[in-house]
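For reference, the structure is listed below as structure tokens.
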């Protein structure tokens, strides 16, 4: 592969990565612990979730990064489980820190536990138009 030259330095061109994403949505309420320590009023969002997987090589014999059918089924199960709930009631959020960032972290963990295709590279959530957060697991491609 060619190298890039800039100001006498050479930078290696990174290997080609494959990337796939699967999206779902669910409606649930949550509230944050305010700086005063008091919880804000619970409110509802239509949470849009996007799970992204990356790989340098495709999984054989299918030639895929992740099996769309498997990931879609897992996200569907998770979305059905969370639909209409108060996310703060989940043990993961018992400390009152139910931010969009932590919701993305929770969803990444749930997804990673239920699929064989591998751990997501990134899970992003959008709680309102223009307001999104993402979680990147420490390990991954």
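The values are calculated or read from the model by the stated rules, or taken from the named source; none is laboratory data. It should be emphasised that the depicted structure is a prediction, and the values quoted were computed from it without experimental measurement. Quick reminder, even Gly has a Cβ in these numbers, built from the backbone with ideal geometry, and neighbours come from all protein chains shown.
Of note:
- Flag for residue 84 being more than 25 Å from residue 138 (Cβ to Cβ) and touching a residue at least 12 places away in the same chain (Cβ under 8 Å): yes
- If you go through region 57-91 and keep only what is surrounded by 15 or more Cβ atoms within 10 Å (Cβ to Cβ) and out of contact with any strand residue (DSSP E or B) (no Cβ under 7 Å at 6 or more places or on another chain), you end up with 59, 64, 67, 70, 74, 78, 90.
- Restricting region 120-141 to residues that are in contact (Cβ under 8 Å) with a residue 60 or more places away in the chain and under 10 Å from the mean Cα position of the chain (by Cα), the residue that is nearest to residue 39 (Cα to Cα): 125
- Just one of the listed residues (70, 101) is in a helix (DSSP H, G or I) and either over 19 Å from residue 21 (Cβ atoms) or within 10 Å of the chain's Cα centre (by Cα) (or both), namely 101.
- Within region 24-41, the set of residues being touching a strand residue (DSSP E or B) at 6+ places or on another chain (Cβ under 7 Å), exposed (fewer than 15 other Cβ atoms within 10 Å of the Cβ) and modelled with pLDDT under 95 comprises 39, 40.
- All conditions in (1) modelled with pLDDT under 95; (2) farther than 19 Å from residue 22 by Cβ hold for residue 114, with the sole exception of (2).
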